[in-house]
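The structure appears below as structure tokens.
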Amino acid sequence: MKAGTEWEKDNLTGLLSRRGMETLLASYGDAPEISLTLLTVQIARFGNVNSGMGVELGDRIISLASKRLSKLFPNATALARPHGDHLCMLFEGDQDIETELERLHDFTQRPFAVRGKVVVLNVKVGIATTDDPPTQPALLLQASEIALQDAKRTKLKTSHFSPSMVETAQHVHHMENDLRVALVNHHVEIHRAMANEEFFLVYQPIVDATTGAVVAFEALMRWNHPQRGLIRPDVFIAFAEKMQIMDILGTWVIQRAIYEASNWPLRPDGRRVGVSVNVSPTQFVEPRILLQGIREALDETEIDPSLIKFEVTETSDFAETMKSTLERIRQLGCCTSLDDFGTGFSSLTQLNDLPLDYLKLDRSFIAELDSSNEDQARLSRRITQAILTLAETFQVEPIVEGIETDEQLATVRKLGARLIQGFYFSKPLSGDRVADFIRAVGGK
Ligand code: G
Ligand code: G
Ligand code: MN
């Protein structure tokens, strides 16, 4: 970093501000002799920390994290806080970025103690370099942020910038705008879409690896938009949450999934398979609507309620209503499951507090089990093992998600996992293929 120059600073952390980092990057010119690598780190689901524990505590965590990062990466040329929960680090020359990343992930696995609360932060990282693909220094910040969005979209911890991501980012941006225009005052649009069957559910099997039989399917929503084609749930669910129409959509999902599941054939051994339904945290704001939707579907189908499981994600928002609502869901005879465990803001207390039957390991750990980086693979293995042990301690049944390869399956089986979901067994299936799957993989 050029000595003597005063780059603009961020007030909270004392690191460079966004503008400070931008001017620093621009000062390298268009074709620097030295190679540059920029990492943008986002504390996953930090919004939950802020709204659940207070902005003041959120600020405290950011400033602690930035101090720790400065200490942990003395060889970084500069650190910045470009905004909110984003921190970034610039490296000059041929640094071994993989090693730095490992150090970063290792650091975030360690719990923080902040004013008597223990929090574990998990991060997503976007990486861009001037080498591969060649990116001008002035564009590095933007490129690393696009890579970060990609990491979030693909639910992996880390992503390296590639030019194809720009198109995806623009596509998502256009789509969001379209949806915004379409939905702003028109809940009608959602009703129309539901009436036209533009929304539909696909189902991904959850298999008992000890018997090889399918035990349940997870219902996953899709939107076949008349103009835009297939829209992925990551996009429209986040949007529906913001527009406060997730209650309507969520109720539709619950009723449709339970209705379809009640019509599935029995397995060859005479057993019935279950269905898992994702519930957005915002559906806990008005739990009456959620519970009413469940009750109606149970009454109408007369399905055995223990076959229905609701997947919720960790959140420190509405933690109290979530707890009491999950209790009510259990009183109805249904099961509860904590989804994506290990990502973002995790609290062990929550695992103890919430009435849970199942816990789903986040697939980012699984993806790294057969990483070519030995240390990374070993770390993921240790984390997977730790989470499985944790599940046993809290007496919740683990479900391992995202298994794609023989090797991953063998590893998690060795660690004692029984219930498995992943492309290894099947991608999500359209509704009309579920029956065949049950007959074919239904156990004897
Ligand atoms: O199936 P896919 O990988 O596209 O799902 C992306 C994300 O969308 C996942 O995190 C999944 O939990 C979420 N999702 C899919 N269907 C639903 C749904 O019906 N309700 C909610 N709340 N989330 C869903
Ligand atoms: O957040 P949630 O667990 O609800 O997300 C489920 C999503 O994960 C589904 O949309 C599904 O498509 C995706 N998924 C499930 N198994 C695999 C897998 O083995 N590989 C990949 N890449 N995605 C998977
Ligand atoms: Mn899920």
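Residue by residue, here is whether (1) touching a residue at least 60 places away in the same chain (Cβ under 8 Å); (2) hydroxyl-bearing (Ser, Thr, Tyr); (3) out of contact with any helix residue (DSSP H, G or I) (no Cβ under 7 Å at 6 or more places or on another chain); (4) surrounded by fewer than 21 Cβ atoms within 10 Å (Cβ to Cβ) holds:
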{"residue": "ILE248", "(1), (2), (3), (4)": "yes, no, no, yes"}
{"residue": "PRO265", "(1), (2), (3), (4)": "yes, no, no, yes"}
{"residue": "GLN283", "(1), (2), (3), (4)": "no, no, no, no"}
{"residue": "ASP339", "(1), (2), (3), (4)": "yes, no, yes, no"}
{"residue": "PRO355", "(1), (2), (3), (4)": "no, no, no, yes"}
Check: What number of residues within segment 201-233 satisfy the criterion of being open to solvent by 70 Å² or more (accessible area, probe 1.4 Å), touching a residue at least 40 places away in the same chain (Cβ under 8 Å) and within 14 Å of ligand 2 (Cβ to nearest atom)?
Finding: 0
Item checked: helices (runs of 4 or more DSSP H) contained in segment 209-323 and holding at least 2 residues modelled with pLDDT of 95 or more, on the phi < 0 side of the Ramachandran plot and within 16 Å of ligand 3 (Cβ to nearest atom) -> 246-262
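Does SER380 count as crowded, with 22+ Cβ neighbours inside 10 Å, under 18 Å from the mean Cα position of the chain (by Cα) and either at pLDDT 90 or above or more than 12 Å from ligand 2 (Cβ to nearest atom) (or both)? Write out each step before concluding.
Working: crowded, with 22+ Cβ neighbours inside 10 Å: yes; under 18 Å from the mean Cα position of the chain (by Cα): yes; either at pLDDT 90 or above or more than 12 Å from ligand 2 (Cβ to nearest atom) (or both): yes.
Answer is yes for this residue.
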Check: With respect to the numbered conditions (1) in a helix (DSSP H, G or I); (2) within 16 Å of ligand 2 (Cβ to nearest atom); (3) among the hydrophobic types (A, V, I, L, M, F, W, C); (4) surrounded by fewer than 17 Cβ atoms within 10 Å (Cβ to Cβ), which one is the sole condition not fulfilled by ALA386?
Finding: (2)
Check: Which of the residues belonging to segment 78-92 are more than 10 Å from LEU16 (Cβ to Cβ) and part of a strand (DSSP E or B)?
Finding: HIS83, HIS86, LEU87, MET89, PHE91, GLU92
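The values are calculated or read from the model by the stated rules, or taken from the named source; none is laboratory data. Just so it is clear, the model here is predicted, and its values are computed rather than measured. Neighbour counts run over all protein chains shown; Cβ positions are idealised from the backbone, glycine included. The accessibility values were calculated without ligands, DNA or RNA, using every heavy atom of the protein model including side chains. Shrake-Rupley method; radii C 1.70, N 1.55, O 1.52, S 1.80 Å.
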